[in-house]
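Reading through the structure tokens given below for one structure.
The values are calculated or read from the model by the stated rules, or taken from the named source; none is laboratory data. Not measured: the values here are computed from a predicted model. Backbone-built Cβ (ideal geometry, glycine too); neighbour counts: all protein chains shown.
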Amino acid sequence: MDRFTLLIVEDEAENRDRLVEVGEDVGFSVTVSSTPEQASRLLQDSSFDAVMSDLHTGGKGELSMLKQAKAKNPHSMVIIITDSSSVERAVEAVSMGAYRYITKPYRFNELQNLLSQVRDQCLMRVELTELRHMVEGSRKSTIIGKSPVVQDVKEFIKRVAPLDCTILLEGETGVGKEFFARMIHGNSPRADKGFFAVNCGSFTEDLLSNELFGHEKEAFTGAVKQRPGIFETADNGTLLLDEISEMPLTSQVKLLRVLQEGSFLRVGGAKEVAVDVRVIAATNRNLQDEVAAGRFRKDLLYRLNVIRVAIPPLRERVEDISLFCHFFIARFSAKYNKSIDAISDEAMNALCGYDYPGNVRELINTIERAVILADANSIERKHLPKRILAGSRPQESTEQGLSTLAEMEKQHIKRVLDHVQGNQTQAAKILGIDRITLWRKLKRQ
């Protein structure tokens, strides 16, 4: 991905040069104009991701240029620079769709921070658009993530999902195993049938049997009528058995029969019920260890582990944190009727430096909390919980001389850039990330 584009409209050469310097430092590809009329001609041929204009360049030209910029690119973000005598026109510009106005005298670091927010919102818009196309364009691809490890899992799922075999998902708590199970279902011949999920750790032994297999009338006290279980309800569809390691041994025997024979007995029943259900099992434990400890049947493990899919923890897919953040900032901002449209570099650095023992679930909860606490349009470091700030990885090498992950990443990026003689497009392709992500990583180093 190329850098985002910025048009600067400023008639004073010295200020124009300083603004160009700030824009390029933030990461924009900058085009300059000395008058609104010249800018208007540029806008006839090109659209810009952002426009920054000083109101003292004369007349109502900037407001006409604003309309033209928004007509050319509705997402174009316009920043107005004004003095105290022109604040009313700046407010008018904001009412017409300008992103912000900034009054003189201003500090260049203030303007730099504002441009950083603009760049981040441009990035958020691109990533959200890509994600929306991915999710809405096909129900078969609903996993958020562009990191190489996630891409490998997604490609593997696309290969095995149509085969209708039993699949075992392994991964830590909170990695989103149900989302991957739904992706399997969506890529299978059963995609137009039902998807059902049962958490095996949420029921006692008797209740789990009743939940899975149903019961006959008068099978026990209170059974006033026959009740089908999840297996019957999921006939011809897909059933996810989450936390399969928590399933009692007696229920494991019944499950094994369903997998082998395609039939079962309802609780209190004497007649076999035939079903055709694809079973996906999920666990956060090592089932081989559970077998060795006598808590899980070996024969059931063999039946479940036809295809094994390992879901990577969030700490192994740091590249996806930004995408998660942008997606859920937009979602929770809408939910809580807020206008959060940016996240500061400091906050993003802290989020990317944390190990997430709770994985994706913990990140989502963190973003929801930050959106609730945010008192402006941007999520800042102060909106993050103390555990995130305290648990962020250090950016420098340790005293013992061992490199942190951040330092190792920095060294690897440098080696790749040296290999391609500084070509960031080629480097990003080798690293498996887009150019904007690479640029942001370089800025943090």
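Key figures for this structure:
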| read-out | value |
| --- | --- |
| Residue among 21, 10, 14 that alone is under 17 Å from residue 115 (Cβ atoms) and either without any contact (Cβ under 8 Å) to a residue 24 or more places away in the chain or among the hydroxyl-bearing types (Ser, Thr, Tyr) (or both) | 21 |
| Flag for residue 287 being modelled with pLDDT of 95 or more and closer than 30 Å to residue 170 by Cβ | yes |
| Residue ID - modelled with the highest pLDDT, chosen from residues in region 89-109 that are touching a strand residue (DSSP E or B) at 6+ places or on another chain (Cβ under 8 Å) and among the small types (Gly, Ala, Ser) | 98 |
| Residues of region 94-109 that turn out to be closer than 14 Å to residue 52 by Cα and without any contact (Cβ under 8 Å) to a residue 12 or more places away in the chain, as a count | 0 |
| Residue match in region 270-290 (condition: within 25 Å of the chain's Cα centre (by Cα), closer than 30 Å to residue 438 by Cα and outside any loop (DSSP other than H, G, I, E, B)) | no |
| Subset of region 230-245 (residues that are of a type outside the set (A, V, I, L, M) and in contact with a strand residue (DSSP E or B) (Cβ under 8 Å, 6 or more places away or on another chain)) | 231, 232, 233, 237, 238, 242, 243, 245 |
| So residue 308, is it more than 30 Å from residue 442 (Cα to Cα) and crowded, with 17+ Cβ neighbours inside 10 Å | no |
| Candidate set: region 214-267, residues that are closer than 16 Å to residue 197 by Cβ and without any contact (Cβ under 8 Å) to a residue 40 or more places away in the chain; chosen: the one surrounded by the most Cβ atoms within 10 Å (Cβ to Cβ) | 229 |
| Answer from 266, 227, 257 - the residue that is in contact with a helix residue (DSSP H, G or I) (Cβ under 7 Å, 6 or more places away or on another chain), basic (Lys, Arg) and at pLDDT below 95 | 266 |
| Selection from region 22-47 of residues that are more than 14 Å from residue 5 (Cα to Cα) and of a type outside the set (Ser, Thr, Tyr) | 36, 37, 38, 41, 44 |
| Residue within region 187-208 that is charged (D, E, K, R), crowded, with 19+ Cβ neighbours inside 10 Å and modelled with pLDDT under 90 present | no |
| Within region 313-343, considering residues that are assigned to a loop (DSSP other than H, G, I, E, B), in contact with an Asp or Glu (Cβ under 9 Å, 6 or more places away or on another chain) and modelled with pLDDT of 85 or more, the one nearest to residue 166 (Cα to Cα) | 313 |
| Filtered residues of region 130-183 (kept if among the hydroxyl-bearing types (Ser, Thr, Tyr) and either modelled with pLDDT under 70 or crowded, with 17+ Cβ neighbours inside 10 Å (or both)) | 138, 141, 142, 147 |
| Qualifying residue in region 233-246 (condition: among the hydrophobic types (A, V, I, L, M, F, W, C) and in a helix (DSSP H, G or I)) | yes |
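Listed here are the residues, each with its yes/no results for (1) in contact with a Cys (Cβ under 9 Å, 6 or more places away or on another chain); (2) aliphatic (A, V, I, L, M); (3) over 24 Å from residue 156 (Cβ atoms).
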{"residue": "183", "(1), (2), (3)": "no, yes, no"}
{"residue": "193", "(1), (2), (3)": "no, no, no"}
{"residue": "206", "(1), (2), (3)": "no, no, yes"}
{"residue": "216", "(1), (2), (3)": "no, no, yes"}
{"residue": "221", "(1), (2), (3)": "no, no, yes"}
{"residue": "239", "(1), (2), (3)": "no, yes, no"}
{"residue": "244", "(1), (2), (3)": "yes, yes, no"}
{"residue": "248", "(1), (2), (3)": "yes, no, yes"}
{"residue": "270", "(1), (2), (3)": "no, yes, yes"}
